[in-house]
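The values are calculated or read from the model by the stated rules, or taken from the named source; none is laboratory data. All values derive from a computational prediction rather than experimental measurement. FYI the Cβ positions are ideal-geometry reconstructions off the backbone, even for glycines, and counts take in every protein chain you see.
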Ligand SMILES: [Zn+2]
C-alpha cells in the first residue's frame, strides 16, 4: 500500500514537472491555454485552439458590473479577489500566473471542486509549488479509433426526475392539456428529456463516442434512486449537512425537519443536491463536451393554468433558447467555490468553446425543428434579469448551477414550448423527440468536424 502510494506520488510528480517545464519551454502566453479535455499529448481529436479576448470574456462573464470587482488581469496573470474592497486594496485571494494556466487547465479537468478549493487556498498569490499538486494525475484516456468520434467523451444530462405524473407535478414539470374532443393529453419534461438523451446517445455511440447519462431511468435521480427512496435513506443526514454548510436558513431547516412536506423538501433541498450530484458525476467522467437537455414551457401560460385540475391551455407561443456559462450576478460570487468557477471561466477555453458549441446547437435547432430563437429583448424575467445576450440568435450566457459547475464546454438547451398547440401532441407521441435529438447529433458532429478532416 505504502509502496503503491510512493509510486503514484513519483509518477504524478514526474508528469506534472514535465508539463511545467514544457509550458515554460513553449513560453505560454495568456492566449495559448490548451483546449480542455486534451492534454499535451497528440490527441486525435484535439480541438482547435480558439480563445476569446479579455474584452469578449468580460462581456459574457458579468450581468452586473460589480462582478468586475472580483478579478483583474495584469501583466503577470489573473487575480481573483474575495470582495470589491480587497480589489481596491490590491489584496488578491488567489493569483494564477500566465505560465501556470496550462497546469490549471489540467487541474480543472482532473481534480474535484473540494480539491481545487484546497489548492486555491494553499496557493494564494504565490507561484506554483509542484509539491502541492501531488495526487492529481493528468489522465490520458484518448484512444485512436476508426470512427469519427472515437476517443471523444460526451456527458448528457436529461433534466428533472420524470417518472409518474405525481412526481412530475411535485417537481412542477408536467404538461396536461384538454384536447378538443374532451380527452386529456399528459406527459412530463423529465421523461421526454430522458428519451431524447437516449436517442442521442445511440447516435453518438454509433460514431464511436463514449456517452454518459447523469440518470438512466424515469423517476430515478442522479443519486441512482427515486425521490421516495432518497427521502427514506438520505434526507435526515442531508438536512443536518445543509444546516452545517449554511445552505439552508435556520427557519427553513426547522420547517423541513418538522413539517416534512415532500414538495418543500424537494424545492428547498433535494433539487440543489441533485444538481450538485449531476455536476459531480459529469466532472468525474471528464467529458470533452456536455449537453444538458430540457424542454421549455411558456412561463405565462404555465402560471395561468387551472390549478384546481392542473390543466394548461395550449398556447400559440413557441421559441427556443440555449444557455452557456457566464452572466454572474453581483451576489453570485460570495462563496469561494463560485470564485473558483469564475477563475476557471476566465483562464480556460471553456467559455470560448461553450460559445461555439451553443451557437452550432442553436443553428441546428433552427434548421431541424423550425422554431424561432427567442428575442434578446424578451421581457421574460430570466432573460432580462439574469442572462447576457451573446450576439448569436437564441444564445445567452446564464449562471445556472450546471453551467457554473461543469468543467467542460457546456450547452444547456431549452428548445420549443411543450405547451404549444402543435408541439404537445408530437411530444406526447415521441415523434418530435427524434427531430430534437437529430439536431443535437448534427450539432455535436459539426462541433468536432474541424478536426475530423
Ligand atoms: Zn427543465
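Observations on the structure shown:
- If the condition is being away from the ligand (no atom under 16 Å from the Cβ), more than 17 Å from residue 61 (Cβ to Cβ) and touching a strand residue (DSSP E or B) at 6+ places or on another chain (Cβ under 9 Å), then the range 378-418 contributes 378, 393, 394, 408.
- Unique match (being at pLDDT 95 or above, closer than 30 Å to residue 125 by Cα, touching a helix residue (DSSP H, G or I) at 6+ places or on another chain (Cβ under 9 Å) and not assigned by TED's automatic domain parsing to the domain that holds residue 72) among 346, 256, 291: 346
- Residues of the range 296-312 satisfying the condition of being outside any strand (DSSP E or B) and in contact with a strand residue (DSSP E or B) (Cβ under 7 Å, 6 or more places away or on another chain): 297, 298, 301, 302, 305, 310
- Hey, residue 318 outside the structural domain of residue 83 (by TED's automatic domain parsing) and either free of Cβ contacts under 8 Å to residues at least 12 places away in the same chain or in a helix (DSSP H, G or I) (or both) or not: no
- Residue in the range 187-196 that is crowded, with 16+ Cβ neighbours inside 10 Å, in contact (Cβ under 8 Å) with a residue 60 or more places away in the chain and more than 23 Å from the chain's Cα centre (by Cα) present: yes
- Among residues of the range 68-90 being within 19 Å of residue 117 (Cβ to Cβ) and not in a strand (DSSP E or B), the one that is nearest to the chain's Cα centre (by Cα) is 70.
- Looking only at the range 193-215, and only at residues there that are assigned to a loop (DSSP other than H, G, I, E, B) and within 16 Å of the ligand (Cβ to nearest atom), the one that is nearest to residue 164 (Cα to Cα): 215
- When residue 356 is tested against (1) under 20 Å from the mean Cα position of the chain (by Cα); (2) within 16 Å of the ligand (Cβ to nearest atom), just one condition goes unmet, and that condition is (2).
- Residue selected from the range 177-192 under the condition away from the ligand (no atom under 16 Å from the Cβ) and in a strand (DSSP E or B), by the criterion nearest to residue 314 (Cα to Cα): 177
- The set of residues in the range 197-210 being surrounded by fewer than 22 Cβ atoms within 10 Å (Cβ to Cβ) and touching a helix residue (DSSP H, G or I) at 6+ places or on another chain (Cβ under 6 Å) consists of 199, 203.
- Residues being more than 29 Å from residue 349 (Cα to Cα) and within 16 Å of the ligand (Cβ to nearest atom) - total across the range 282-304: 6
- Residue in the range 237-248 that is without any contact (Cβ under 8 Å) to a residue 24 or more places away in the chain, at negative phi and not in a helix (DSSP H, G or I) present: yes
- Screening 423, 414, 438 for residues that are surrounded by fewer than 20 Cβ atoms within 10 Å (Cβ to Cβ) and farther than 30 Å from residue 115 by Cβ leaves exactly one candidate, 438.
- Cross-chain or 6+ apart pairs with Cβ under 6 Å, the range 152-165 first and closer than 17 Å to residue 211 by Cβ, then within 15 Å of the ligand (Cβ to nearest atom) and outside any strand (DSSP E or B): 156/197; 157/214; 157/278; 158/193; 158/194; 158/197; 159/193; 159/294
- Restricting attention to the range 47-77, the residues that are farther than 30 Å from residue 152 by Cα and surrounded by 19 or more Cβ atoms within 10 Å (Cβ to Cβ) add up to 6.
- Residue list for the range 162-173, restricted to those being more than 11 Å from the ligand (Cβ to nearest atom) and not in a helix (DSSP H, G or I): 163, 164
- The condition (being surrounded by fewer than 21 Cβ atoms within 10 Å (Cβ to Cβ), farther than 16 Å from residue 423 by Cβ and in contact with a strand residue (DSSP E or B) (Cβ under 8 Å, 6 or more places away or on another chain)) is satisfied by just one residue among 357, 323, 285, 328: 285.
- Residue 264 closer than 30 Å to residue 314 by Cα and modelled with pLDDT under 95: no
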